[in-house]
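Undergrad: Structure below; questions to follow.
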Amino acid sequence: MNKTNPKVDSHFSNARKWKQEMQALREIVLACGLTEELKWYQPCYTSEGKNIVVIHGFKDYCALLLFKGALLKDPKKILIQQTKNVQAGRQVRFTDVKGILKMKNVLKAYIKEAIAVEKSGVKVEKKKTSEFAVPDELKKRMDKNKTLKAAFHALTPGRQRGYLLYFAAPKQSKTREARIDKCMPLILDGKGLNDDYSASRK
């Protein structure tokens, strides 16, 4: 098994939920020869510097997220698209250690395929930024604030997509407006959501 990372040790030690499940996933991933790192406050596993998989926990489940899962064959039909807007990543979800151990060999096969896909250089064909809907709240804000509009359009396509998806997610207009207000300083500063994690999540 590959060497563990002290930063990830600390992350798992401080986890409030899914501690055993995430540790079981960790052992499986490391057995595939990946390098363990901590990125975006999550255990991330890489091959030759390229992101392959992340282990993360949610309220109702913990999951293995394969960065290019959309390109995998998925013979067991276990890959889940987290939301309709997620283009490349796919999750495999678990709620107990038993379920993880039962799928140990399957998970290893998927991870090894993911490594091969990354090495091949194949990329997920993503939608263009222009294909994403712009929330009305953001449209109105940019119509009134030309500086904000210029700053938003000066962002990289990836950063623009990140904001569009983040702003559009809430069902209530009030919440969408609050998210825009909160992220305005980041946009004006030319930053994306993940450039300042603490300020980007509500």
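The values are calculated or read from the model by the stated rules, or taken from the named source; none is laboratory data. This structure is a prediction, so every number in the text was calculated from the model and none was measured. Don't worry about glycine lacking a Cβ; one is built from the backbone with ideal geometry, like all the others, and counts go over all protein chains shown. When the accessible area is computed, the model is the full protein with side chains, heavy atoms only, and any ligands, DNA or RNA have been set aside. Shrake-Rupley method; radii C 1.70, N 1.55, O 1.52, S 1.80 Å.
Undergrad: For the charge dipole of the chain, defined by +1 on Lys and Arg C-beta atoms and -1 on Asp and Glu C-beta atoms about the Cα centroid, which residue among GLY121, LEU138, GLY192 has the Cα displaced farthest towards the positive pole?
TA: The residue sitting farthest along the positive end of the dipole is LEU138.
Undergrad: For segment 1-116, what D do you get in µm² per second when you plug the Kirkwood radius from alpha-carbon pairs into Stokes-Einstein at 20 °C and 1.002 mPa s?
TA: Translational diffusion coefficient: 152 µm²/s.
Undergrad: What is the dipole size for segment 19-86, taken about its Cα centre, with +1 at each Lys and Arg Cβ and -1 at each Asp and Glu Cβ, in debye to the nearest 20?
TA: 280
Undergrad: What is the magnitude of the charge dipole of the chain about its Cα centre, with +1 placed on the Cβ of each Lys and Arg, -1 on the Cβ of each Asp and Glu, and no other charges, expressed in debye to the nearest 20?
TA: 500
Undergrad: Another question, if that's okay. When the accessible area of the chain is split by element with a 1.4 Å probe, what percent falls to carbon and sulfur?
TA: It is 50 percent, rounded to a whole number.
Undergrad: Rounded to two decimals, what is the ratio between the C-alpha radius of gyration of segment 1-56 and 2.2 N^0.38 Å?
TA: Ratio of Rg to 2.2 N^0.38 Å for segment 1-56: 1.01.
Undergrad: Cβ under 15 Å from ASP9's Cβ, ASP9 left aside: what net charge do those residues give with Lys, Arg +1 and Asp, Glu -1?
TA: Residues close to ASP9 contribute a combined charge of +1.
Undergrad: Still on this structure, I have one more. Nothing charged except the Cβ atoms of Lys and Arg (+1) and of Asp and Glu (-1): what's the magnitude of the dipole of segment 81-135 about its Cα centre? Round to the nearest 20 debye.
TA: So the dipole magnitude of segment 81-135 works out to roughly 140 debye.
Undergrad: Using only Cα atoms, find the angle between the long axis of helix 173-188 and the longest principal axis of the chain, and express it within 0 to 90 degrees, rounded to the nearest 10.
TA: Once rounded, one gets 90 degrees.
Undergrad: Run through every distinct alpha carbon pair of segment 140-181 and return the Kirkwood hydrodynamic radius in angstroms, one decimal place.
TA: 10.9
Undergrad: May I ask for the distance between the Cα centers of segment 40-85 and segment 160-186, given as a whole number of Å?
TA: 24
Undergrad: Can I ask one more? I need two numbers for the chain: Rg to one decimal and Dmax as a whole number, Cα atoms only, in Å.
TA: 18.7, 56
Undergrad: Cα axis of helix 19-30 to longest principal axis of the chain: angle in degrees, 0 to 90, nearest 10?
TA: So the helix axis and the longest Cα principal axis differ by about 80 degrees.
Undergrad: Placing +1 on the Cβ of each Lys and Arg and -1 on the Cβ of each Asp and Glu in the chain, which of LEU101, SER173, ILE78 has its Cα farthest towards the positive end of the resulting dipole?
TA: Checked the options; the winner is SER173.
Undergrad: Mind checking the angle between helix 104-120 and the chain's longest principal axis? C-alpha axes, 0 to 90 degrees, to the nearest 10.
TA: Helix 104-120 and the main axis of the chain meet at about 60 degrees.
Undergrad: Right, another one. Could you give the accessible area per residue of the chain, probe 1.4 Å, as a whole number in Å²?
TA: Roughly 59 Å² per residue, with all protein chains present.
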